[in-house]
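J.: Structure below; questions to follow.
What follows draws every value from the coordinates through simple rules; no lab data is involved. Fair warning: this is a prediction, and the values are worked out from it, not measured in the lab. Ideal geometry is used to build each Cβ from the backbone, glycine not excepted, and the neighbour counts take in all protein chains shown.
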Amino acid sequence: MMAFFRYIKPKVCYTLIFLMLVPGYAFSKSDFSVAYQVDDQIITNYDIDQVRKLSNLLNRSSIERSEVEQIVISNKIKEIYADRLKIVVSNAELNLQIDDFLQSNKITIKELKSLLRSKGIDIDTFYNFVKENIRWQKVLDSRFGYKINNLAMKDLMPLTSTPKRIEKEYEFFEIFISNERWDPQKANLIANRLEIELNNGADFDKAVEKFSSATSKTNKGKVGPIKKSSLSKQVRKVLDGLKRDEVSKPFKVNGGLILLKLYRTRSYQTVKTPKLSVTFSVFSESSDKNAACSDEKEIRGPVLLSKVEKNIRDILTKLMPGESYKFLDSSGLARTVTLCESFVSDKKIRASSFENIKKNEEAQRLSNALMLELRRNTTVVKK
């Protein structure tokens, strides 16, 4: 599942937030049969269905069940670990987050319940989502001393925001029947025979090894993940018409014929990456360092960071506003570069914001490492 925001680094925590989706426990006519056992805890098909529906609401796009299952398993592992540490969330903490969300989205609790109900989502699923998100923050704080910065519900679930553009990715397999290897008539016979045999259970890997002339042959014919927008109109049309594991009819491409087998697709939201601009100064050793960001004649910018020469750009990305760094230029002269200000979408980034960014990035890294450790020590059984 995609994080809610794909760039905004001060909000790296939202990736963690989303992974904290936890199934609700209210009764329903949905399927309560057991799907997985995680240590001594169970996950039902109802749990998975609830997370899928909430995911669709948050992201305005759908993900495959296999991906949802992995998210729910991770959630359960986190929940078990938080229980082991005896991490609790008070009603006051939970209500504060819920109230923040309601105020930010300008909706009432009644309207929220109505929205969730219309999507088939139990209100307990939403409450548990918020509660377990808070618990995981406390886990990170307990283990590493990091606290994800002020998780505002308005940023967590902007239900009233404008949907972002949906991008689609494909993963598929290909067999390229080259006209250089076979004459067109023979190639056509081979391709048509392969389509029938492969859709009736023939070994695709062996067919790739024997017949394909594509460079993907070294990867058993696998291509992707690749964005839909990166593919030709012809290939997009063929893939859109296939079911998972279905093999296409052969079609002509430059130099021969090709058959495609769809593995999976994934849809996600794309968010335009904000462009970072900076003002900075570069002084020699003999210059007055105190004038670094006060002498307008010496200040460079505002300029897009991407346009700054690489050696200085690499330094600036590591600095907070007001910080300096000494380096040797291409002539071997000692110089000092000072970052004066940074701007995203015309908004000034203060040093404290950079500190938050770095803390959030570090918290996510530590969270991922902790999850790998927990997953290795957890028994997951599919029922």
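J.: What residues qualify as long-range amide H neighbours of GLU323, i.e. H under 5 Å apart, gap of 5 or more or another chain, H built at 1.01 Å from N?
T.: For GLU323, whose amide H was placed from the backbone, the distant partners under 5 Å are LEU339.
J.: Additional query: Taking 56 Å as R0, compute the FRET efficiency from the Cβ-Cβ separation of ARG264 and LEU333 and round it to 0.05.
T.: Computed FRET efficiency for ARG264 and LEU333: 0.55.
J.: Which order do peptides 94-106, 249-261 fall in by mean Cβ count within 10 Å, highest first?
T.: 249-261, 94-106
J.: Taking the Cα centre of segment 165-270 as the origin and placing charges on Cβ (Lys, Arg +1; Asp, Glu -1), which of PHE172, GLN234, ALA187 is farthest toward the positive end of the dipole?
T.: GLN234
J.: Between segment 293-336 and segment 172-207, what's the alpha-carbon centroid distance in Å?
T.: 57 Å
J.: To continue, here is another question. How far, in nm, would the chain grow between GLN41 and LYS310 when pulled straight, counting 0.36 nm per residue and subtracting the alpha carbon separation?
T.: Values: separation 269, 0.36 × 269 = 96.84 nm, distance 5.17 nm.
Computed gain between GLN41 and LYS310 is 91.7 nm.
J.: Related question: In nm, to one decimal, how far is the LYS383 label point from the LYS210 one, both placed 7 Å along Cα→Cβ?
T.: Label at LYS383, label at LYS210, 4.3 nm between them.
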